[in-house]
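Note sheet for the following structure.
The values are calculated or read from the model by the stated rules, or taken from the named source; none is laboratory data. Computed from a predicted structure; not experimentally measured. Heads up, the Cβs are rebuilt from the backbone with ideal geometry, glycines too, and the neighbour counts pull from every protein chain shown. These accessible areas exclude ligands, DNA and RNA; they are computed on the full protein's heavy atoms, side chains included. Shrake-Rupley method; radii C 1.70, N 1.55, O 1.52, S 1.80 Å.
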Amino acid sequence: MFKKAIICLFVAAIVASGVYWFVLKEHETANNRSELNSNEPLNTVEKPEKTKFKTFTAQEFSDLYNGFAQPNTQLIVNDFSITGSEKADKVVYGLAENAGYKVRSAPVADNFVDIGDNHNLQRLAAESWKKLEKKAEANNIDLKVTEAFRSAEDQNRIFAGRLGNISPNKIINRSSDGTIRNLLKTTAPPGYSRHHSGYTVDLACNSGPGGLFENSKCFEWIKKDNYINIKEFGWIPSYPDGIKNQGPDPESWEYVWVGTDVLKE
């Protein structure tokens, strides 16, 4: 009798164990079905959030640049003589500042990189330009830099040459104000050009038919969605349309580097 009781207990234990594991397995299977039928995606990997950039008005672009301290630059000491007459030069500079021109900054140390065709930019702008150029090429946009860093000395030669042989006396007696104002619509006096910093480029478009840059395929691509294609690399329009007294007339071809940090939301 004792042996029979032991055998019965042993058989009962085996049966109970089997029932337990069967119930446990069914519970796990039910849970798996529930997970598969749920709306939660399996093995999801979070994608990095796309960088968002601020939307700027023309005035905000202008204010941003004017308040931005570009690396490795300092304000120019403006002691350039345009006409050979201090009084005449003072008139020219006064007219320029009335038109919105400001004394600009120039590099403190030689940090230039040749970006091709003997055009130089400060290193941060040069590296950024190369990335922008690559993206443009991938989108069949053939951008070309036609002007980059320009010293104040070079600017003086350009401005004086375009001013021509107007006598200092005519400038001093203000009979040449109209001529000078017209020149200032397209040309900065020495010390007042954004090209002095080494962070500014003029662009041309080799994509599609020739003509004005603002009518080109390149400009259409650049200005898309508040200039998103260039803001991504830290560039903004230098002289946007819609601003009065910003110096020259709006220049669709000129862009300045300010970095991406100040452009992000």
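Residues of segment 73-85 being loosely packed, with under 12 Cβ neighbours inside 10 Å and more than 14 Å from Gly191 (Cα to Cα), which ones?
Answer for segment 73-85, where residues must be loosely packed, with under 12 Cβ neighbours inside 10 Å and more than 14 Å from Gly191 (Cα to Cα): just Gly84.
Residue by residue, here is whether (1) polar (S, T, N, Q); (2) under 20 Å from Gln59 (Cβ atoms) holds:
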residue: His196; (1), (2): no, no
residue: Asp202; (1), (2): no, no
residue: Lys217; (1), (2): no, no
residue: Lys231; (1), (2): no, yes
residue: Asn245; (1), (2): yes, yes
residue: Tyr255; (1), (2): no, yes
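Ser197: touching a residue at least 40 places away in the same chain (Cβ under 8 Å) and either touching a Leu at 6+ places or on another chain (Cβ under 6 Å) or small (Gly, Ala, Ser) (or both), yes or no? Walk me through it before giving the result.
Details: touching a residue at least 40 places away in the same chain (Cβ under 8 Å): yes; either touching a Leu at 6+ places or on another chain (Cβ under 6 Å) or small (Gly, Ala, Ser) (or both): yes.
For Ser197, the condition - touching a residue at least 40 places away in the same chain (Cβ under 8 Å) and either touching a Leu at 6+ places or on another chain (Cβ under 6 Å) or small (Gly, Ala, Ser) (or both) - is met.
Touching a strand residue (DSSP E or B) at 6+ places or on another chain (Cβ under 8 Å), in a strand (DSSP E or B), surrounded by 16 or more Cβ atoms within 10 Å (Cβ to Cβ) and in contact (Cβ under 8 Å) with a residue 12 or more places away in the chain: is that true of Leu64 in this structure?
Numbers: touching a strand residue (DSSP E or B) at 6+ places or on another chain (Cβ under 8 Å): yes; in a strand (DSSP E or B): no; surrounded by 16 or more Cβ atoms within 10 Å (Cβ to Cβ): yes; in contact (Cβ under 8 Å) with a residue 12 or more places away in the chain: yes.
So Leu64 fails the test.
Report yes if some residue within segment 111-129 is charged (D, E, K, R), in contact (Cβ under 8 Å) with a residue 60 or more places away in the chain and open to solvent by 20 Å² or more (accessible area, probe 1.4 Å); otherwise report no. Break it down stepwise before answering.
As a first pass, look at segment 111-129 and keep what is charged (D, E, K, R): 114, 117, 123, 127.
Those left that are additionally in contact (Cβ under 8 Å) with a residue 60 or more places away in the chain: none.
No: zero hits.
Which pairs do you get when a residue that is more than 13 Å from Glu254 (Cα to Cα), found in segment 140-157, comes within reach of a residue that is small (Gly, Ala, Ser) and open to solvent by 20 Å² or more (accessible area, probe 1.4 Å), reach meaning Cβ atoms under 7 angstrom, with the pair 6+ apart or on two chains?
From segment 140-157, the pairs are Ala152/Ala106.
What is the number of the single condition among (1) modelled with pLDDT under 95; (2) open to solvent by less than 30 Å² (accessible area, probe 1.4 Å) that Asn165 does not meet?
(2)
Inspect all residues belonging to segment 183-194 and state whether any of them is in contact with a strand residue (DSSP E or B) (Cβ under 8 Å, 6 or more places away or on another chain) and either open to solvent by 30 Å² or more (accessible area, probe 1.4 Å) or of a type in the set (A, V, I, L, M, F, W, C) (or both).
The answer is no; no qualifying residue exists.
Quick one: which of Asn226, Asn215 is surrounded by fewer than 16 Cβ atoms within 10 Å (Cβ to Cβ) and within 18 Å of the chain's Cα centre (by Cα)? Reasoning before the result, please.
Numbers: Asn215 fails: within 18 Å of the chain's Cα centre (by Cα).
Step by step, each of Asn226, Asn215 is checked, and only Asn226 is surrounded by fewer than 16 Cβ atoms within 10 Å (Cβ to Cβ) and within 18 Å of the chain's Cα centre (by Cα).
Looking at segment 36-61, which of its residues are open to solvent by less than 100 Å² (accessible area, probe 1.4 Å), in a loop (DSSP other than H, G, I, E, B) and at pLDDT 95 or above? Even if it seems obvious, please write down each step before you answer.
So in segment 36-61, the residues open to solvent by less than 100 Å² (accessible area, probe 1.4 Å) come out as 38, 41, 44, 51, 53-54, 56-61.
So of that shortlist, the ones also in a loop (DSSP other than H, G, I, E, B) come out as 38, 41, 44, 51, 54, 56-57.
Within segment 36-61, Lys54, Phe56, Thr57 meet the criteria.
Here is a list of conditions, (1) acidic (Asp, Glu); (2) crowded, with 16+ Cβ neighbours inside 10 Å; (3) closer than 30 Å to Gly94 by Cα, and Glu133 meets all of them except one; can you say which number that is?
(3)
Any chance you could count how many residues in segment 229-248 are closer than 30 Å to Asn98 by Cβ, of a type outside the set (Val, Ile, Thr), touching a Gly at 6+ places or on another chain (Cβ under 9 Å) and open to solvent by less than 70 Å² (accessible area, probe 1.4 Å)?
4
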